[in-house]
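Only the coordinates and a few stated rules stand behind these numbers; no lab work does. Note that the coordinates shown come from a computational prediction; the quantities given were computed from them, not determined experimentally. Quick reminder, even Gly has a Cβ in these numbers, built from the backbone with ideal geometry, and neighbours come from all protein chains shown.
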Amino acid sequence: MFTPVLPDAEKITAPVLREQLKAAADYMGGLQKVDAEKRDASWSADIKSAIDFIHQADPQLTAIERSLPVDPADGPTGNQRLANPDFRSLGEQFTDREEYRNAGSEGWGASRALELELRGSLFNSNHQFRIDSTVPGGGAFLPQAPNPLAPRVRQMRLFLRDVISVSATGLSTVPYIREVNPASTEFGASAVLEGTPKPEVTMDWDLDEAPARKLAAWVQVTSEVIDDAPTLRGYIDGRLAYLLSVREEYEILAGNGTAPHLKGIYQYAGSGLQTHTGADHMAALGYAIGLVENVDGEADGIAMNPLDYWGMITTRQAQSFDGSGTAGAGNNGAPFVPGPQAVWGMPVIRSRAIASGKALVGSWGLGATLFDRMDTRIVVGNQHSDYFVNNKVAILAEERVALAVHRPDFFVDVTLS
């Protein structure tokens, strides 16, 4: 029978609960290794005692971790206040950790390093805009026309992570299969008479692997920033999230596949990536959407260079006043209202990773998957260069991701001639 070792209720802390949860898991794991013929009459009850404790303690641990204490005014978190107990960004998780709160506020950033691995991704908050708060329970993913995926507040544009499928993995290299020549097999099924042989469809697959690669970014701050929790959170949630988003975008699109780079979608030009050229940008993008659908894909996003995007939506109309509309955008009041975030109903990801004169139309959700291998790690320290003597500190964020491209033909490389 598993019996947790716990202090009085008012003295229970998160570290104590984590330790006992680990003990319960180890206890249960040991019982499960016992051969079936050697299990005694109490085996099932012993297993149940550990499971019951886990079910009871895990919600309690979550509640404690979400109850952020307010420290005295002279501590590093003295001026922070609990804003949203149901959602915490990575920066908030960092400054809420006991190691940071106990570090002390007087010049600790100039004399010691703090390294924490935190559960979750630096980009979790990017997806808040997909929840419809008007529906009980959070609602479904309900895009709003004409901007199917509006950027979150204070994020001026979408990133590829906002439209591509994202999944967690524990593998250093993710094996996957890529369908080859799907058009030759999609009509393999046929009508048959009773008693006659059924047609065999031979699927054509390529086995491939997606190695996890490390992406990192760091920013320079003064030691005074480290002593102030809200400012530190801002650097982690703002600058570092942006820098990693930009690097991810480049790797997903244009990584050359040679370590330490991902194998980007453009590297599959000889494996089914479709192409299209058109002088009329709007028409070319529309036709590319049709090409994706013609291979049974479902286009859900367009990546293009910012210069091409803004050039396309700001074309002046000879017979219209300013504010009455832009080419292809309708009577939307431009330029006195925010520009459209969508073309043909598809969200547009503006990225410098795509050369001017090019665009990539794709079924991002079905055609590829970005795997998160390593939870984002935040490191704060002064060991770089002359930072120690100049009261400077580096804040580093790094992650490991892998990219699998399941259907290269679900993407169309568009040349905007």
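As an exercise, identify the chymotrypsin sites (Phe, Trp or Tyr not before Pro) in region 260-313 lying in DSSP coil whose Cβ has no more than 13 other Cβ atoms within 10 Å.
On the way: sites: Y266, Y268, Y287, Y309, W310; in loops: none.
Filter output for region 260-313: empty list.
Roughly how many Å is it from the Cα centre of region 227-299 to that of region 399-417, as a whole number?
7 Å
Near the amide H of G297, under 5 Å away, which other amide H atoms are found, from residues 5 or more places off or on another chain, if H is placed in the peptide plane?
Amide H to amide H, under 5 Å and 5 or more residues apart or across chains, G297 pairs with nothing.
Hey, if you put +1 on the Cβ of every Lys and Arg and -1 on every Asp and Glu Cβ in region 234-284, which of A269, T258, A241 ends up farthest toward the positive end of that dipole?
T258
Taking the beta-carbon count within 10 Å as an exposure proxy, list D46, D52 from fewest neighbours to most. Kindly include the intermediate steps, with their values, before the conclusion.
Details: D46 18, D52 12.
Fewest to most other Cβ atoms nearby, the residues stand as D52, D46.
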